[in-house]
Amino acid sequence: MIKRAICKYTVVLAALAALCGAQFAGMRPCGAGFVTALIYCGLPAVVVLPAFIGISIAFDCTWATLVYALSVSVASFAAALLGLRFKRGRKIFFVALFAAAQCALFCMRSRIGYLIMPVWGMLALGMFVASVCFLRPVFMQKLKYKFLETELVCGGVLLICASLGLGRMQIYGFDAAYLLAAFFIPFAAAVGSVSGAVAVAMCFGTGMALASMHANVIAFMAFAALVTAIFASAPRPIASLAAAASYVLISYLFSSAIAWQQAVCFAVGSLAFSLVPPKALRRVRDTLFSPVTATAARGIIGRAATETGNSLLGASRIFTDMKIAMEQVPEQPVRDGLLESKVCAHCPRYANCLQADGYREALAKMERNTAVKGRASVSEIPALLSVCTNLSALVSCATKGASERHEQMLIGEAKKEGRRIVAQQLGLMSDVLRRIGERVQTPAAFDSFREKQIADELAYRGAAVPEVIVTQDTVSVVLRSEDISRDDVADAVSKIMRFPYKFVRGGADVLPGYTLMLFARAPRYDVAFSVAASAKQGRSGDNHSFIHLGGDRFMMALCDGMGSGEEAEKASETAIELVESFFRAGLDSMSAVECVNQFLALNECERFSTLDITVIDLNSGDAEIIKLSSPATVIKSDEGVRAVSGSALPIGVLEHISCGRTGVKLKAGDEIIMATDGITDALGSTERFISAAASQSSADPNVEARNILESAVAQMNGKLKDDGTVLCARIFETSRGYKTKKAS
């Protein structure tokens, strides 16, 4: 720890000395802005302020310089004390007091002139802002995230000014600027990119060009960066020596005189870089820069989505073909002609009967009529056959074959109905797979602009974020484990996307020490719900469900099994489980209810149930209320109280169902109250149930449901005659605090 502190303050004081040495037209404003930024970023004033005063006097030993250095130091110290007391206005105090400290420039008016004083003050203030921008992630955020572009630009400004100061520090011709440039150019290439190395070279070259008033040094630095890039993949000693050799080569190319001291500085700096351990370079790279994985991730996501969508659409077509094949199965024809072959063919008048119009049609009609009833009746014999002399034999033969043909007809009808039900289920499965396939197959649209904004926002909050992927509905964030809570990440994502986002799941480590978090757009509305129930005896025949369906839908369902006790409980439990399953599968409401009804109707146990379902779209507020022989549903809103009723037989009575279906529009603050007939019967009527629901003033669904139940129990003197259940749900808005977008 002590060694690290010594290294840190050595680097800080060296940078301060370089910036204090930077001179612009006789002015040295850089050191003042830099030292104030150091105090702002938390470095102890007792260390850096005396150093600043001493370095300033060393460069310009005059009373005016001493007064200016003391003024800046006093202002910085006072701002630090005020910042400890008033943390919210900390930056304002520093800017205001630092600007006031520039009044000390009046002591230099005779030397620099009145016009130069405001320029000096503005340069010093600009240096303070740039220094704070660059030093904040270093000292305040402890390098927990990669530098932002604005921070790197400010770092470039500091590097130009520092190299200007270093360019004026020469000992026997040995230039410190060349030494550091030879070290940091390959360092930038190793931990960042070739463009980063060129940027560093240009910053060093600009500062040294200002110091020497020769522009060719910019070309020297740029050429060194390019040579370093060419040999970037070679062993580091070779790359370092290549950078040093580039100085000699560029000097010959530009016909410039070679200063052997600068060549030595370049060689020493390059070799010093070659001694940096590779592990240290990787650590710096992982801390400050993002791994390039976004392109591969996007390719994988797009290919997986396309393949999955095509597979689902292929499966949908298979189910469609099966449905068509099932519907096109030909019916087995009922063979006629039994009476003709068994009776008429042996009659002497057979030839005469064949000449009569409609003779065979009459025989076929007689056979079909007897087959439908399962017996032959004289009253239903066609008129053409009523005059037959062999009528008794016809009736006797028809009666014998009627039972067999009647059974065949029933079997045929059952097979036909079975094929119809199977075809319907195949069609439903085909529709579900088709919708999912079309949704999945849609190419993902990535938003690189928002990705950068989210990464920057999380970086400001102290998180290391190598990668962010933004699609239409989701945001995936890779960040260093335990850098920031998932609630804070969700808040940052919501702020940038201008819509509330919720955490969906967190994956395993995708990189050593990094975690993947997936966020999805939260719906505009959410639901607070509760239930209150009382059983007539030990086990209640009522069952209920509150579930979030896919596609930001919410369903509340209430089922009342006929009677009470274990049998009623099983009936309602089966119905509720089927409702949940079919709705989760993605079927539309009516198809789901139809499937549940058919399943229960084909079950021979004859356990019937009333059913009350409300499905709410949490994005639009549209609600669909489906009722099968259930009491009225009460909707409370600012506009008043309304009841939604529906009349139909209980579920499972008939194979084909006809249920009440009503659409309503809900908004924040609206309530939905549902109850079984055990509650409405106890209160006396549906109107009294509506009145009891309307009289509730609490915003808590739990309190309202409990109060309605207690009112019903009180009406029955403490004991309900049937199982009673009350469901209460309240809609509330989740998008407050963010700019909402109109749902598409």
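Between residue 667 and residue 416, the modelled labels are 5.3 nm apart [label points 7 Å from Cα along Cα→Cβ]. In this structure, the amide hydrogen of residue 504, modeled 1.01 Å from its nitrogen in the peptide plane, lies closer than 5 angstrom to those of 518, 519, 520, counting only residues at least 5 positions away or on a different chain.
Under the combined filter of DSSP loop state and at most 10 neighbouring Cβ atoms within 10 Å, region 451-556 retains these GluC sites (Glu not before Pro): 482. Share of carbon and sulfur in the accessible area of region 1-53 stands at 73%, probe radius 1.4 Å.
Using the Cβ-Cβ distance between residue 721 and residue 567 with R0 set to 22 Å, the FRET efficiency from 1/(1 + (r/R0)^6) comes to roughly 0.80. Of the residues 120, 63, the one with the largest accessible area comes first in the ranking 63, 120, computed with a 1.4 Å probe on protein heavy atoms. Not counting ligands, DNA or RNA, and with a 1.4 Å probe, what is residue 448's accessible surface area in Å² rounded to the nearest 10? Surface accessible to solvent at residue 448 totals approximately 90 Å². Per-residue extension of 0.36 nm, minus the Cα-Cα distance of residue 581 and residue 518, leaves a gain of 20.1 nm for this segment. The relative contact order of region 516-579 comes to 29 percent, based on Cα pairs under 8 Å that sit 6 or more residues apart.
By a 1.4 Å probe calculation restricted to protein chains, residue 92 has an accessible surface near 120 Å², given to the nearest 10.
Maximal additional length on extending the residue 139-residue 347 stretch stands at 63.1 nm, based on 0.36 nm per residue less the C-alpha distance. Cross-link pairs exceeding 26 Å between alpha carbons, from the set 91/495; 87/452; 87/502; 665/721; 415/627; 495/667: 87/452; 87/502; 665/721; 415/627.
Is the shape of region 63-143 best called rounded, prolate or oblate, per the rule: a/c under 1.5 gives rounded, else a/b larger than b/c gives prolate, else oblate, with a ≥ b ≥ c the square roots of the Cα gyration tensor eigenvalues? The shape class here is prolate. Once Rg and the Kirkwood radius are both taken over the C-alpha atoms of region 114-236, their ratio Rg/Rh works out to 1.01.
For residue 59, the accessible surface of its heavy atoms amounts to roughly 80 Å² (probe 1.4 Å, protein chains only, rounded to the nearest 10).
The values are calculated or read from the model by the stated rules, or taken from the named source; none is laboratory data. As the structure is a computational prediction, the values presented were derived from the model and not from experiment. All Cβ positions, even for glycine, are placed from backbone atoms using ideal geometry, and neighbour counts span all protein chains on display. Only protein heavy atoms, including side chains, enter the accessible area calculation; ligands, DNA and RNA are left aside. Shrake-Rupley method; radii C 1.70, N 1.55, O 1.52, S 1.80 Å.
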